[in-house]
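Peer 1: Pasting a structure here, questions to come.
The values are calculated or read from the model by the stated rules, or taken from the named source; none is laboratory data. Because the structure is predicted, anything quoted here is derived from the model rather than measured. Don't worry about glycine lacking a Cβ; one is built from the backbone with ideal geometry, like all the others, and counts go over all protein chains shown.
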Amino acid sequence: MHNKIKELLQFGTVGAKVAIKGWIRTKRINKQVVFLTINDGSCQQHLQVVMTPSELPKELLNQLVTGASVAVSGCLVASKGTKQSVELHGDHLTLLGSAPDYPLQPKPHSLEFLRTWMHLRFRTNTFGAVFRIRHAISYAIHHFFHERGFCYLHTPIITAADAEGAGELFRVTSLDAAHPPKNPDGSIDFRADFFNTATNLTVSGQLAAEAAAMGLGAVYTFGPTFRAENSNTSRHLAEFWMVEPEVAFNNLDDTIALAEGLLKSLSADLLKTCPEELDFLNQRLQGHKNEADKTPSMDLLERLQFVLEQPFARITYTEAIAILMEAASNKNGTFAYPVTGWGIDLQSEHERYLVEQHFKRPIVVTDYPKDIKAFYMRQNDDGKTVAAMDILFPGVGEIIGGSQREERIDYLKQAMQRAHIEDLNWYLDTRRFGTIPHSGFGLGLDRFVLFVTGMENIRDVIPFPRTPGHVAC
Ligand code: ATP
Ligand code: MN
């Protein structure tokens, strides 16, 4: 048995005999002492190990380099340094794995460089913090929904339904790619495929979640989601993680309240569970700001407090367009996509203008034109808009997209026709038998992690990112 460094630093008593295992981050050596800092992944901090060089064979001493793994046992003593309360005076050290030519040096590396060593970046302070935070948020999400009586629903990853009614699908097939069976018109005959029909990786668990909510009442999904959109941005992954609650009898206002409550609760939890990680990332961000001064002006903790304390601003799409039309950035041509009038889709630059320049806090935009939104959203009485809502965050843009669902079968059928959606008879059954108002939303986990960590690229908040042209590891 060995001890976790996190526990030793928190609860270790001076004089205790302990044993640790971990990776060397730094080594300093002089005639009398060797100082090693060891990290075992349990926390942000390293444990300092002090040894006497003369007691270690020379060959072993040379192998104690950054990246090598060791087991050390000895006695905890009060630390003379100010950084931590205790350090370990080692009397026995075993080299577990040497690390000649280890590519990561104990100095700041650029995130781009670390992306070329994706499988080793877990061993850096930055990525240790990011992934412990990602874990804490995931755990808090389950806790949030469990506490409120939601049922965690495992929706399929392979599906024959395309929830968004758009392209962007990853095909799943067991057909021979070189010689697929063909229809007389030359198209591929998917009836000969594994499922006797064309299938793809899920783009959303929503339709399945709707069916479940209309029996279980309140459900949520939390799983990987796949979109083959060829958008090489800092906010899009081809494989990302989405949280999708769906609640029977909720209207749009209820779902907005649920979403705001979730984001606030996650922020509050994080301040309690990951103070050291946040502190580390905050310092990192401040350091960068002094260099380039292009990062958001608030520090990380202020940003979380801000999300917690301010009610989100709420505007309609129509109001958003009016604000954007009047914006200086629109009039002087700074926007890459000029805002020409009602009906356009909001681009990320527009969303960020509204959040960062105009309202200076998270905002909820509601009631979008039906033509730019998905077929399942409930049509408003004006005949032009739907009961949709997007939540926009500073630095990230859209973090949540949701809506009240169309529960009236005639409207739903019309919308499906407009979107050329067939083969969803099972979905229409949910409206044929005991239909009810219901609502839900999708939260992009990776985008929320991006926001709270202050990282700038979504590739740096997921262990092994999948993006166009990249599937390392
Ligand atoms: P965007 O307009 O930013 O591409 P979207 O409107 O297509 O997003 P939705 O279908 O509303 O996204 O999905 C719900 C949430 O899932 C989004 O608000 C976002 O947080 C997240 N999300 C969507 N697409 C991606 C992606 N490719 N990578 C990471 N997160 C995503
Ligand atoms: Mn959306």
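Peer 1: State all residues of the stretch 402-447 that are among the polar types (S, T, N, Q) and within 16 Å of ligand 2 (Cβ to nearest atom); if no residue qualifies, say none.
Peer 2: Listed by number, the residues that qualify are 403, 404, 439.
Peer 1: Another one. Against the conditions (1) crowded, with 20+ Cβ neighbours inside 10 Å; (2) over 19 Å from residue 144 (Cβ atoms); (3) touching a residue at least 60 places away in the same chain (Cβ under 8 Å), where does residue 202 fall short? Just the number, please.
Peer 2: The number of the failed condition is (3).
Peer 1: Among the residues of the stretch 17-40, is any part of a loop (DSSP other than H, G, I, E, B), surrounded by 18 or more Cβ atoms within 10 Å (Cβ to Cβ) and within 34 Å of the chain's Cα centre (by Cα)?
Peer 2: yes
Peer 1: Taking interchain pairs and intrachain pairs at least six residues apart, which have beta carbon atoms under 7 angstrom, with the first residue in the stretch 78-95 and without any contact (Cβ under 8 Å) to a residue 60 or more places away in the chain and the second outside any strand (DSSP E or B)?
Peer 2: Partner pairs satisfying both residue conditions: 79/85; 87/79; 93/56; 95/60; 95/63; 95/68.
Peer 1: Also: Is it the case that some residue within the stretch 104-111 is surrounded by 14 or more Cβ atoms within 10 Å (Cβ to Cβ), modelled with pLDDT of 95 or more and of a type outside the set (D, E, K, R)?
Peer 2: So far as the stretch 104-111 goes, yes, one or more of its residues are surrounded by 14 or more Cβ atoms within 10 Å (Cβ to Cβ), modelled with pLDDT of 95 or more and of a type outside the set (D, E, K, R).
Peer 1: Among the numbered criteria (1) loosely packed, with under 13 Cβ neighbours inside 10 Å; (2) within 31 Å of the chain's Cα centre (by Cα), which one does residue 82 miss?
Peer 2: Condition not satisfied by residue 82: (2).
Peer 1: Does residue 37 qualify as being touching a residue at least 40 places away in the same chain (Cβ under 8 Å), within 25 Å of residue 274 (Cα to Cα) and among the polar types (S, T, N, Q)?
Peer 2: When the stated conditions are applied, residue 37 does not pass them.
Peer 1: Filter the stretch 383-435 for residues that are crowded, with 21+ Cβ neighbours inside 10 Å and among the acidic types (Asp, Glu); which is nearest to residue 347 (Cα to Cα)?
Peer 2: Top of the filtered list is 390.
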